[in-house]
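Just so you know, all these numbers are worked out from the coordinates, no wet-lab data involved. Being a predicted model, the structure only gives us computed values, none of them experimental. Don't worry about glycine lacking a Cβ; one is built from the backbone with ideal geometry, like all the others, and counts go over all protein chains shown.
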Amino acid sequence: DSGVTQTPKHLITATGQRVTLRCSPRSGDLSVYWYQQSLDQGLQFLIQYYNGEERAKGNILERFSAQQFPDLHSELNLSSLELGDSALYFCASSVGQEAHTEAFFGQGTRLTVV
Amino acid sequence: GNSVTQMEGPVTLSEEAFLTINCTYTATGYPSLFWYVQYPGEGLQLLLKATKADDKGSNKGFEATYRKETTSFHLEKGSVQVSDSAVYFCALGRNYGGSQGNLIFGKGTKLSVKP
């Protein structure tokens, strides 16, 4: 158990809908990262927050948004969903905001868009 | 840009065989390098890391050495077990400015170890 909790574990929704994925980081970790894992694209970085502030942005679509709340949990919002958004979405957390600090991954949310 | 290339899988080995999974990278500056492992149905776990050139990361019998001259970080294990069956990801983290901690991953290599 990594200490990172993601909910829900599975989500099935229709095209055009909006969903929210939730992540609770390990106790004491200030950074939260979101990654998308798909068969064709592999693991792609979406966005990083550190102590409530956005720190880095990767290949995140405009239809996607995220935030980190004062209690440090984070939510990833995906809207106007398309079939191609079907993927495994991972949250990770780390103590610091730098690359050399170890990142701990949750078990992921598997999103299926039908 | 920054990228990681690792050998395509799947790799199938017999128990106690020697394992090498190749990983090369392209990066500006001096990145940190990582190997993560993903067991079926689980998230990624850090296996080992190296933060500067010539560093050797090791854990659970796995080793990898940060080679700046060949921009490589190959994963090795002398004797694999069935329990090592998983997907292995090579990754780099950029160390500039100190404010961006995201990782850039390779596509992953699936390892299957047969008894």
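The value obtained for the range B:1-50, namely the Cα convex hull volume divided by the number of residues, is 119 Å³ per residue.
Per residue, the Cα convex hull of the range B:4-96 amounts to 92 Å³. Magnitude of the Cβ-charge dipole of the range B:20-78, K/R +1 and D/E -1, about the Cα centre, nearest 20 debye? The dipole of the range B:20-78 has a size of about 60 debye. A Cβ-based charge dipole, computed about the Cα centre of the protein assembly as shown with Lys and Arg at +1 and Asp and Glu at -1, lands at about 100 debye.
Equivalent-ellipsoid semi-axes for the range A:26-67 (Cα gyration tensor, √(5λ), whole Å, largest first): 21, 13, 7. Counting only lysines at least 8 places from B:Lys77 when in the same chain, those with an alpha carbon closer than 24 Å to its own are B:Lys49, B:Lys52, B:Lys56, B:Lys60, B:Lys68, B:Lys107, B:Lys110, B:Lys114.
Per residue, the convex hull around the alpha carbon atoms of the range B:24-64 comes to 88 Å³. With R₀ set to 22 Å, the beta-carbon distance separating A:Arg110 from A:Glu62 gives a calculated FRET efficiency near 0.40.
Placing +1 on the Cβ of every Lys and Arg and -1 on the Cβ of every Asp and Glu, with nothing else charged, gives the range A:1-69 a dipole about its Cα centre of roughly 160 debye. Taken over the protein assembly as shown, the ratio of Cα radius of gyration to 2.2 N^0.38 Å equals 1.01. Our analysis of chain A gives Rg over Rh at 0.95, with the two radii drawn from alpha carbon positions and Rh computed by the Kirkwood formula.
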